[in-house]
Amino acid sequence: MIDTITHQNVHNLFKLNGYHLNRNDLCRVAYSFIKEGEEFEKSVGDFILDWFDKKSYIEMNTSGTTGTPKSIRIDKQAMVNSAIASGDFFDLEPGDKALHCLPTKYIAGKMMFVRSFILGLDIDFVAPSSHPMLQNDIKYDFVAMVPLQAQNSLSALKNVKKMIIGGAKINKTLEKELSKLKTEVYETYGMTETITHIAAKKIGEEAFSILPNIEISQDDRNCLVINAIKISEEPIVTNDLVELVGEDQFVFLGRIDNVINSGGIKLIPEKIEEKLSAKIDSRFFVTGKQDAVLGEKLVIVIEGEQQILDETIFDGLDKYEKPKEVFYVSKFSETESGKIKRKEIADRL
């Protein structure tokens, strides 16, 4: 069945902001968005026209989290296959009501539209903002957000049956709040190269479970290798350190580029940050700073004005995990997609 559905298909139950639209209707709407729409609508118009043109691929930039963003070509049929896999994994049905509140410039925003076209979702799309459900009491079957949006929408999530959160790690405080809800909340794992998520886990679970038609392994660095034959012809080798749990689950430990070698002890910043996330209100990260004795010493960088820090917040850390120095940066620099530019900030310390 998968191979018979192409990027030219629009499910007959698909709706956009309450209107049944076919491919021709969507192209007309796209022209209108580009000519008269707001900035966020123009990027939607551009994407719709790109999606239905004769090319078999879409050109996209990677996020730039781990280096200079680069332009890559993503196969449209692979995007269709990814949408179908998501539909299977999250039990999405034709006619399900969905909210789109992500920037269409990035892969996650594009894929919300692709899922809607292919699976026949009834989708509302709104301007991407930090408060996407403000003054909105519509009931939704499926919503995708980044952590900041979820944090700011907690009171409205009673109207959401199922939601996925991606783009950045969910901190312990938000995880605790989300676990109190009746909403089924999933944290997702993926990147532009994998056409958004290839795995997801329910809030509170430790291990990610892979989507259909995905196989995983590790390379000699213990980093995740993804085999997704319907998405990529070549294996996707990541820089993410993982622990495999059977054939279809993995625990994300941290990025190998972030690992700190302090006096011969290898420290994974993400594991330390997780232990501290419920104790520090501001955004922060830990990193390595050059040191004559240790090679690298572990330091913590906190966003905001300098303050007196209660040293007891480090009590739950192992001996080598305790920061040797605390730095304050008034405002963290970010990538366009909102991720902290850790290396750039650390290099300026």
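Let a ≥ b ≥ c be the square roots of the eigenvalues of the Cα gyration tensor of segment 174-273; is it rounded (a/c under 1.5), or, if not, prolate (a/b larger than b/c) or oblate? Walk me through the intermediate numbers first.
On the way: a/c = 2.11, a/b = 1.06, b/c = 2.00.
Oblate shape, in that a/c is at least 1.5 and b/c is the bigger or equal ratio.
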### Message
Can you tell me the orientation of helix 39-52 relative to the chain, as the angle in degrees between its alpha-carbon axis and the longest Cα principal axis, to the nearest 10?
### Response
60 degrees
### Task
For segment 15-27, just list the computed ³J(HN,Hα) in residue order, Karplus coefficients 6.51, -1.76 and 1.60, θ = phi - 60°, integers in Hz, with x standing in for Gly and Pro.
9, 10, 6, x, 10, 5, 10, 9, 4, 5, 4, 4, 5
## Note on the structure
So, with points 7 Å from each Cα along the Cβ direction, the GLU206-ASN152 label distance in nm works out to 3.4 nm
### Query
Roughly how tilted is helix 76-89, in degrees to the nearest 10 and between 0 and 90, from the longest Cα axis of the chain?
80 degrees
### Estimated distance in nm for a label pair at ILE72 and LEU309, the labels positioned 7 Å out from Cα along Cα-to-Cβ
3.4 nm
### Message
Just to be sure I understand: with springs between alpha-carbon atoms less than 10 Å apart, which residue in HIS131, HIS100, HIS197 has the highest mean-square fluctuation in the Gaussian network model of the chain?
### Response
HIS131
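For the chain, with only Lys/Arg (+1) and Asp/Glu (-1) charged at the beta-carbon, what is the dipole magnitude about the Cα centre, in debye rounded to 20?
480 debye
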### Query
Which one of VAL143, VAL326, VAL293 has the biggest mean-square fluctuation once the chain is modelled by GNM with Cα springs under 10 Å?
VAL293
### Summary
In deg cm²/dmol, rounded to the nearest 500, the helical mean residue ellipticity at 222 nm of the chain, built from -39500 (n - 2.57) for every DSSP H run of length 4 or more, is -7000 deg cm²/dmol
### Task
Take the Cβ-Cβ distance between SER330 and ASP257 as r, set R0 to 30 Å, and report the resulting FRET efficiency rounded to the nearest 0.05.
0.75
### Summary
For 173-181, 187-195, ranked highest to lowest by mean beta-carbon neighbours within 10 Å, the order is 187-195, 173-181
### Task
Give me the percent of the accessible area of the chain that comes from carbon and sulfur atoms, probe 1.4 Å, all protein chains in place.
48 percent
### Message
I'd like the distance between the alpha-carbon centres of segment 167-238 and segment 292-306, rounded to an integer number of Å.
### Response
29 Å
### Message
Using a probe radius of 1.4 Å on heavy atoms only, what accessible surface per residue do you get for segment 41-160? Whole Å² is fine.
### Response
40 Å²
### Query
PHE14's amide H: which non-local residues (gap 5+, or another chain) put their own amide H closer than 5 Å, with H modeled 1.01 Å from N in plane and none for Pro or chain starts?
none
### Message
Between SER217 and GLN135, what is 0.36 nm times their sequence separation minus the Cα-Cα distance? Round to one decimal in nm.
### Response
25.0 nm
### 0 to 90° range, to nearest 10: angle between helix 107-119 axis and the chain longest Cα axis
40 degrees
### Message
Shape verdict for segment 1-152, please, from the Cα gyration tensor: rounded (a/c under 1.5), prolate (a/b greater than b/c) or oblate.
### Response
rounded
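The values are calculated or read from the model by the stated rules, or taken from the named source; none is laboratory data. From a predicted model like this one, the values you see are computed outputs, not experimental measurements. Glycine gets a Cβ as well: all are built from the backbone with ideal geometry, and neighbour counts include every protein chain shown. Just the protein is used for accessible areas: all its heavy atoms, side chains included, with ligands, DNA and RNA removed. Shrake-Rupley method; radii C 1.70, N 1.55, O 1.52, S 1.80 Å.
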